[in-house]
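Here's the structure, in structure tokens; my notes come after.
Derivation of every value follows stated rules applied to the coordinates shown; laboratory data play no part. This structure is a prediction, so every number in the text was calculated from the model and none was measured.
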Amino acid sequence: MQQDILNDALSTIKNAGSVGKAECMIKASKLVGKVLGVMQEKGYISSFEYVEDGRGGKFNVKLSGAINNCGVIKPRFSVKRKNLEKFESRY
């Protein structure tokens, strides 16, 4: 049973990138979709698309090979997009 969907998604992306895969499948949620959108804007992933599987859906993520490490910060803090890089430099 999954407890933290965002952490699971980022771990899947990191593990797929480290073994050299070109794409990976991630369980879909609104939060994961928005995070993938930001990652695509910043160039960390090439693209992603929603795939309906009858059980909540999944995201098919095409990796660009630009990710060295990624993870979640707990507890979650509210940060605006323009302050994201300043905030992540603390961690």
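One table, with the values for the structure above:
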{"item": "Links that overshoot a 22 Å alpha carbon limit, given the list Lys42/Lys80; Lys30/Lys58; Lys62/Lys86; Lys30/Lys82; Lys62/Lys82; Lys27/Lys82", "result": "Lys62/Lys86; Lys62/Lys82; Lys27/Lys82"}
{"item": "From phi via Karplus (6.51, -1.76, 1.60), per-residue ³J(HN,Hα) for the range 49-61 in Hz, x at Gly/Pro", "result": "9, 7, 10, 7, 10, x, 10, x, x, 9, 9, 9, 9"}
{"item": "Cut-off under 5 Å, modelled amide H: who pairs with Glu23 long-range", "result": "Leu63"}
{"item": "In degrees, nearest ten, helix 5-18 long axis to first principal axis of the chain (Cα)", "result": "80"}
{"item": "Structure-derived percent of Cα pairs over 15 Å apart - corresponding label in [x] 57; [y] 67; [z] 61", "result": "[z]"}
{"item": "Of Gly56, Gly65, Gly37, the one that fluctuates the most in a GNM where the chain has Cα springs shorter than 10 Å", "result": "Gly56"}
